[in-house]
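A quick write-up on the structure given underneath.
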Amino acid sequence: MRDETKCLHSGYTPKNSEPRVVPIYQSTTYVFDSTKEIGDVFDEPTKALIYSRFANPTVMAVEAKIADLEGGVGAMCTSSGQAASLMAVLNICGAGDSIVSSSKIYGGTINLFAVTLKKYGIECIFVDEDADEETLNKAFKDNTKAVFGETIANPALSVLDIEKFARAAHSHGVPLIVDNTFATPILCKPFEYGADIVIHSTSKYMDGHALQVGGVIVDGGKFDWTNGKFPSLVEPDESYHGISYVENYKESAYITKARMQLMRDFGAYPAANSAFLLNIGLETLAVRMERYCENAMRVAKFFEESEKIESVTYPGLESDKNHALCKKYLKGASGVVTLVINGGKDNAVKFMDSLRLASNEVHVADIRTCVLHPASATHRQLTDEQLVSAGINPGMIRFSVGLENIDDILDDIKQALANV
Ligand SMILES: *Cc1c(COP(=O)(O)O)cnc(C)c1O
């Protein structure tokens, strides 16, 4: 199946007389015929459902769909994108370990890596995305267990050179984790370029309608966990009746451990109802991404030509410094454009407050056009230095182009700019 078809049909195939749409299994638990049957399931928990803290049929249908779209061997949904980033790292890192991350990533992830994980003994070494391979290799330590980057960074809109980061990760025997939220598997499939684990905030384009907060971790299934750096995947897990994940679950070792150990213990699993809503978004993902790209390109070109705009960033523009990487890795540059208006922050605020169609909201990738001033909202907690290294100008506006008629979006921009 191609992507458009997978969006509609992967993950759930009803049999004779079963519901056309994946049902909402709003149940915490599952019934067994006997004590023995329950005992058997505890011996092999991947064989049946036990409890909706770590597995539920509605959520699992969505997991199978996303794994198929990304080309992975398995996926696990989480209650937010933040939970996905956290658990993707904790599945292979513990106190005394470190990770290497591109500095151009989502502000919430910077906070998680630089401040919170540090308190738990995991160090994050940030590297510039544009660093040459020699500089990149120098960031690794003996205790480094993973490399992290974002396909299209939110909100810097730089494009990750996935092959370069994968080479550096693999030459040090560690996996590359890619946050593919802004690209979605429709515009880029990071596994094809050497990524090992993909995560998403499904709250964004995958959902698209601003209905649910969620995340997902997808396992590419190709990384060799037996190189000596990842004993927790190879040696018996005493909390899981002595099973070795690699031995028992082969190429699905990573994602099985994430579910059976971390999700069991942390319990950040989404509700069935949220997964149902996410699935509705996924059904139209391929069609929507096409239009987001089309509309955003028109908006980016308009800003590029406007004399009231100091600069515009959109990897789809030929003038953009990431255009070559965009052409290499992406089928389109997605729906977010950032701009800096002449006259700095004051004019930025005037412009944003004058918009009538586009709403001010702390969200992005909504089906409706929305705007945000990152320096005073999502990235408020970052220092000026962190802002610059995350690629954020203090006057920058993040313009998330929606699926309204493009002429209405442009008319709104024009009338708002007239007030500046
Ligand atoms: C929003 C976002 C996150 C965090 O996801 P939540 O669902 O808000 O927890 C992570 N990465 C990127 C790129 C995001 O845009």
First in segment 253-274 and modelled with pLDDT of 95 or more, second anywhere and small (Gly, Ala, Ser) and not in a helix (DSSP H, G or I), Cβ under 6 Å, 6 or more apart: 255/74; 268/79; 270/79; 270/214; 274/214
Taking the stated definitions as given, is residue 182 surrounded by 24 or more Cβ atoms within 10 Å (Cβ to Cβ) and near the ligand (Cβ under 9 Å from one of its atoms)? yes
Which residue pairs have Cβ atoms closer than 9 Å, lie 6 or more positions apart in sequence or on different chains, and pair a first residue in segment 217-240 that is aliphatic (A, V, I, L, M) with a second residue that is open to solvent by 60 Å² or more (accessible area, probe 1.4 Å)? 218/73; 233/226; 234/226; 234/228; 234/247
Over segment 26-74, the set of residues open to solvent by 60 Å² or more (accessible area, probe 1.4 Å), within 27 Å of the chain's Cα centre (by Cα) and hydrophobic (A, V, I, L, M, F, W, C) is 60, 73
Looking at (1) more than 21 Å from residue 152 (Cα to Cα); (2) more than 16 Å from the ligand (Cβ to nearest atom); (3) of a type outside the set (Val, Ile, Thr), find the lone condition where residue 76 falls short. (2)
Would segment 143-153 turn up any residue that is within 26 Å of residue 364 (Cβ to Cβ), touching a residue at least 24 places away in the same chain (Cβ under 8 Å) and in a loop (DSSP other than H, G, I, E, B)? yes
Determine, yes or no, whether residue 296 is in a helix (DSSP H, G or I) and in contact with a Cys (Cβ under 7 Å, 6 or more places away or on another chain). no
What's the total number of residues in segment 402-420 that are hydrophobic (A, V, I, L, M, F, W, C), open to solvent by less than 20 Å² (accessible area, probe 1.4 Å) and either touching a Gly at 6+ places or on another chain (Cβ under 9 Å) or modelled with pLDDT under 95 (or both)? 1
So residue 106 passes all but one of these: (1) away from the ligand (no atom under 16 Å from the Cβ); (2) modelled with pLDDT under 95; (3) open to solvent by 30 Å² or more (accessible area, probe 1.4 Å). Which condition number does it fail? (1)
From 14, 19, 23, grab the single residue that is part of a loop (DSSP other than H, G, I, E, B), surrounded by fewer than 19 Cβ atoms within 10 Å (Cβ to Cβ) and touching a Ser or Thr at 6+ places or on another chain (Cβ under 8 Å). 23
Where in segment 299-399 are there helices (runs of 4 or more DSSP H), lying wholly inside it, with at least 3 residues that are more than 16 Å from the ligand (Cβ to nearest atom) and of a type in the set (D, E, K, R)? 344-354
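The values are calculated or read from the model by the stated rules, or taken from the named source; none is laboratory data. Since the structure is predicted, the reported quantities are computational estimates derived from the model, not experimental observations. Using ideal geometry, Cβ is built from the backbone for each residue, glycine included, and neighbour counts are taken over all protein chains shown. Heavy atoms of the whole protein, side chains included, go into the accessibility calculation; ligands, DNA and RNA do not. Shrake-Rupley method; radii C 1.70, N 1.55, O 1.52, S 1.80 Å.
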